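A quick write-up on the structure given underneath.
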Amino acid sequence: MTRGIGLYVHIPFCASRCPYCDFATAPATSALRGRYLAALAEEMLREGRALGRPRVRTLYVGGGTPSLLEPPEVASLAEALRRAFDLRPREVTVEANPATLDRARLAAWRDVGVTRLSLGVQSFSAHGLRALGRTHQPEDSAAAVAAARDAGFDVNLDLIFGWPGQTEDDWRADLRSAIALAPDHASCYPLELRLDPEEAVANWPGGGWRVLERWRRDALDGQPDERVVAGMYRQAERQLGMAGYRHYEIANWARPGKRSLHNLGYWRDREWLGVGAGAHSHLAGVRSANPTSLTEYLGKIHTGGARVIDTGADAPGEAAMLALRLDSGLDLPRYTARFGTAAAARVRRAIDEVAPARLLRITGDRVRLTAKGRLLANEVFIRLLA
Amino acid sequence: MSPLQQRIRNFCVIAHVDHGKTTLSDRLLETTGTVPLRQMRDQMLDSMELEREHGITIKARAVRMGWRDHELNLIDTPGHVDFTYEVSRSLAACEGAVLLVDASQGIEAQTLANAYLAVEQGLEVIPAINKIDLPNIDLDVVREELRTTLGFRRSLIFDSHYDAYKGVVAHVRVFDGALKTGDRIRLMATERESELLELGVFLPDARPIERLETGETGYVATGLKAVADCRVGDTLTLAERPAAAPLPGYRPAKPMVFAGFYPSNAQDYPLLKDAMEKLRLNDASLVYEPETSQALGFGFRAGFLGLLHLEIVQERLEREYDVDLIATSPSVEYRVITQTGAEVAIDNPAMLPDPGTILEIREPWMKVTIIVPTTHVGPIMELAQTKRASLADMSYVDPTRAMLKYDMPLSEVILDFYDQLKSSSRGYASLDYEFAEYRPAELVRLDILVAGTIVDALSIITHRDRAPQTGRVLVNKLRGLIPRQMFDVRIQAAIGGKVVASETVKAKRKDVLAKCYGGDITRKRKLLEKQKEGKKRMKMVGSVEIPQEAFLAVLRIGDET
C-alpha cells in the first residue's frame, strides 16, 4: 500500500431526482442524513482498520449531491475520514449542484481539504435544463464557478449533450458558455438512457420505475439522431481542443496538469475503496460493491456490511478496456507482462478484427483509440472481454 | 347395434389355390342348408365359366347363410396374387376370416400375404387345417407352423427416447406374439438387429417386467446406439423368426418442404448434429443430410412434411436441445430438366445449375382444399389470385360454408399462405392440400448479396415475373433487420448477376459507454457483455453480422410482394 489508495465517498442525497440518473440517490431528509452519515463513519472506520489505516492519495466525494450537506455534517464527515485513514491527499474533489452552493458550505469543504469542485452544470440553456429535468437555473452555474474560484478550488464542469430537442446550435452555445467560464476540466457525456429497472435505483418513495420509464421513453423519442449526437461529440473535441483542453479520456478534457487524479486511478486500474450506498471498490484485484438500496445498506452496516464481490470480473479484459479509454492508450509489452500471453493474444485478435474499420491506431508499443474509435469504443471493448 | 345386427357375421376364407377353399365354401352352403343338397354342384360360388375352368376364384361375391339365429355372410375372395385389389376389397367388408391351410402343403406365401392383409384391416382370424385325412401328414408340425408363423411377433413402435445407459428405448404396442428379455429383435424398416436388454411398463415410471404379451403396451430397451436405427412407426419383430410383413403405420417420410439448418456458432455443429439425431428418434418423418453453405458453414439440409413441421422441429431443437440455429428460407423440391435431357431434383436454391444448362424447371403443384364461410369467399379468392392458384371447383358444404378447390404451386402454399388465409377469413378458413403433379414454370434464382458477396443461404427460387419486386421487398426488409455495423453495408438482390434492387445499411456513428459511474466497472462490463451476447446470436458473413431474423425474412415476404 506504498502508493496509497483512492477513496470514494458516496453521498446519495438529492433535492430532487433527475429522471435520467442511475446512481444511488435518495431524498435529503435530515433524519435519513443523520443515520446515513453515522453508518458511513462506521463503515470507514471498519474498512480503514481492515486495510491498516491506508494512505488516501485521492479523495472523491460524489453523489447524489454532496453539496447539500450542511457545514456541521461536512465537519463530522471530515472527522470520520481522519479517524479512519491516513489522509494526505493530492486531490480532493467534491461534486456540487450549482444551486446548492453558498459561501458557508464552500468554506466548510475547504476546511476538509477540498481542492476541486465538480459542478453538475449539464446545460447553460433553460430549455436544456428543463429537458433534462434539472431544477437549477442557467445563471446558477456562473455564480457557482465564481464562488468556487473565490474559495480557491479547481473547477470541473459536467455537460450533457444529446438531450431531447437539442440542436447542434444549442450544443455549440453550451460549449462556448462553458469555455467562457474557463474551467480547469470539463466532462461531456452523451445522454445515456437505459430502460432497465434493475439499473435504476429507487430509494425514492412514490417515484418508482414506472414514472422513470415513461420519462425515459419520451426522452428517447425526442433525442437527436445518432448521427447528430456523434457530430456533437466531434464538435466538443474541436471547440474544447481549440480552447486548450486536452481530450485525455473518452468523456473528459483538462487543461495541462489538471486531469482528475482520482478518476485516472480508475482508468489505470489502481486500487480504491468506495464507501457508502452503491459504492464500488477495487482492492487486491477484487471488485466489490455496496448495495444501492439505502435500506439494505443501513440495515446491514452494523453486522459488517453487505459488500458484494463481483464474481464475474474479467481483470485482463477490464484493464485493457479502461486503459484504452485514456489517450495514453494501452502499453502492449507492459500489458503482456502483467496479464500473460493469452490475454495479450485476445487484445491482438481484437486489434485485427476492428482493423478494417480503423478504430485503433498503433504507434510503437501503444494502442490507442482513433477519433472514430472513441465514438465506437464498445465495438473494441466487447472484443477485449473474455 | 340392434340385436339383429349383433348376430351378423361377415367373413371370408383365406387359402392358397387348391387348399380347399371352394370345397369348404360348398360344405358351408350345404351344412347351413342354404342350397338343398340335390341342387349342390361343385364350385357352387365360382359362377364364371373361366373360374370353373381354372378352378380358381377371380371375382369376389357373397352368399347369405342362416345358422343358429345368426346370419353368416360368406364373402368369397380370389386367392391369386394378381387379384390383391379384389382381396382387399372383400376383406374390407368382413369382420373375420377363416385361414385355411392344407395339412400336406403347409402355409404358402400368398396365404400369408392375404392373412396379413386381414390382420391389418382388423379382422378376427380363425386358423383351420384342411385335408387332415391325407396320408403322410404330421398334424403337429402344421399346427406349430401355424402357431408360430401366424403368431407374427409384431410390435409397433409408437414413440421412443434415448437413454444414456440403455441406449435407444422404444415404446411399443405388441400386436402379435410376445416379447421377452434376451430375445434377438429386428427393426423391419431399418433392418437393424440387437438383443433386447430390458423390457417393462410405465406405472408411470418405467418398471421392468419379464414379458410383454399381445395387446400390451410397454417399453423395450433395444441396446441400439444410433437413434436413426429406431424410428417411430417401424415394426419390431424377432430376428430368428421375423414377421413377413411389417404392421401398417410406418411410411418412409415424404418431405415436401426443405430448409437448411445451421448452428449460429460454427463450433456448435456437433451439438446440432447430436440434437438432430436425437430428435429423429422421436420424429420418423424428419429427414436430413449434411450440407455446406458458403455463408453459414457446416449444417444440414432437412426435409419436412410442411412448414408447421419445420417450425416445430426448429423450436424443439432450440428449446429441448438448447441449440441456437439458423433456418434458411424454405424451399420445395424442383425438377430441373437440363439441355442434355437429364432430370435433377433440387431442394436447395443455391444448388440450381447454371441457367444456360437448364431446359426447363418444374415445380410441384398441389390440390388445395379450402373450407371457408361464404361471407369470406371474396377475400380468399383475391388471395388465391396472388398465389398463382387456379380455381378447380367450388361447392357448398352447407348453406354457410363453401369449399374451394384450387390447383396451386407448393412454393406459394409454404410462403405464408396459411397465415394470410387465416387473416383473410378472420380465422375461419381451414386448409388441406395434397400433391398433384409437377408442372413447368418460369422460375429464376434470386440471389442476395451482402457487402458484395452472395449469401447462398438467402437465395430463393421464384417466378420470373415476380422476382424483381420480391428482390426489392427482400432487400428493404434486410436493411431493417441487419444492424448498423462499423462500416456501410450494401445489400443487393440479383438475378443471374444482374442487380435488381439495392439498399445500404449506413455505418453506426456512436456506440460508446461514456459515463464514468464512480468506479463502477462491473456495470460497464455487464452492459458490454450483454451487447457481446447479442452479437453472438448473429452470424458473421464475411465481416458483416447478420441476425437470425434476417434468414427468416424470406419467409415473411408473401404479403408484401
Would you check which residues across segment B:302-346 are aromatic (Phe, Trp, Tyr) and part of a strand (DSSP E or B) and list them? B:304, B:334
Of (1) within 24 Å of residue B:226 (Cβ to Cβ); (2) aliphatic (A, V, I, L, M); (3) touching a residue at least 24 places away in the same chain (Cβ under 8 Å); (4) out of contact with any Cys (no Cβ under 7 Å at 6 or more places or on another chain), residue B:178 fails just (1)
Determine which member of the set A:254, A:277, A:219 is assigned by TED's automatic domain parsing to the domain that holds residue A:160, touching a strand residue (DSSP E or B) at 6+ places or on another chain (Cβ under 9 Å) and of a type in the set (A, V, I, L, M). A:254
Filter segment B:330-345 for residues that are without any contact (Cβ under 8 Å) to a residue 60 or more places away in the chain and within 17 Å of residue B:301 (Cα to Cα); the one that is farthest from the chain's Cα centre (by Cα) is B:344
Among (1) modelled with pLDDT of 90 or more; (2) on the phi > 0 side of the Ramachandran plot, where does residue B:427 come up short? (1)
For residue A:345, indicate whether it is surrounded by fewer than 16 Cβ atoms within 10 Å (Cβ to Cβ), in a loop (DSSP other than H, G, I, E, B) and not assigned by TED's automatic domain parsing to the domain that holds residue A:25. no
Tell me, yes or no, whether segment A:362-372 has at least one residue that is in contact with a Pro (Cβ under 8 Å, 6 or more places away or on another chain) and either away from every other protein chain (no Cβ under 14 Å) or of a type outside the set (A, V, I, L, M, F, W, C) (or both). yes
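Conditions (1) under 17 Å from residue B:244 (Cα atoms); (2) more than 30 Å from the chain's Cα centre (by Cα); (3) at pLDDT 80 or above; (4) part of a strand (DSSP E or B), marked per residue:
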residue	(1), (2), (3), (4)
B:117	yes, no, no, no
B:145	yes, yes, no, no
B:151	yes, no, no, no
B:171	no, no, yes, yes
B:186	yes, no, yes, yes
Would you point out which residue out of B:467, B:550 is farther than 26 Å from residue B:356 by Cβ and more than 14 Å from chain A (Cβ to nearest Cβ)? B:550
Note on segment A:250-283: residues within 8 Å of chain B (Cβ to nearest Cβ) and touching a Lys or Arg at 6+ places or on another chain (Cβ under 6 Å) are A:250
Within segment A:297-319, which residues are closer than 16 Å to residue A:279 by Cβ and either within 14 Å of chain B (Cβ to nearest Cβ) or buried (at least 20 other Cβ atoms within 10 Å of the Cβ) (or both)? A:297, A:301, A:307, A:308, A:309, A:310
Between residues in segment A:350-362 that are not assigned by TED's automatic domain parsing to the domain that holds residue A:328 and surrounded by 18 or more Cβ atoms within 10 Å (Cβ to Cβ) and residues that are of a type in the set (Val, Ile, Thr) and modelled with pLDDT of 95 or more, which pairs lie under 8 Å by C-beta distance while being six or more apart or on different chains? none
Going by what's in this entry, would residue A:286 be described as touching a helix residue (DSSP H, G or I) at 6+ places or on another chain (Cβ under 9 Å) and more than 8 Å from chain B (Cβ to nearest Cβ)? no
With B:509, B:472, B:490 as the choices, which residue is surrounded by fewer than 22 Cβ atoms within 10 Å (Cβ to Cβ), within 12 Å of chain A (Cβ to nearest Cβ) and more than 28 Å from residue A:270 (Cα to Cα)? B:509
Quick one: is residue A:381 among the aromatic types (Phe, Trp, Tyr), within 11 Å of chain B (Cβ to nearest Cβ) and under 27 Å from the mean Cα position of the chain (by Cα)? yes
Taking segment A:146-162 and keeping only residues that are in contact with a strand residue (DSSP E or B) (Cβ under 9 Å, 6 or more places away or on another chain) and either on the phi > 0 side of the Ramachandran plot or charged (D, E, K, R) (or both), one is left with A:149, A:154, A:158, A:162
Just for segment B:257-295: of the residues that are in a strand (DSSP E or B) and among the hydroxyl-bearing types (Ser, Thr, Tyr), which one is farthest from residue B:547 (Cα to Cα)? B:288
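The values are calculated or read from the model by the stated rules, or taken from the named source; none is laboratory data. Please read all numbers here as calculations on a predicted model, not as lab measurements. All Cβ positions, even for glycine, are placed from backbone atoms using ideal geometry, and neighbour counts span all protein chains on display.
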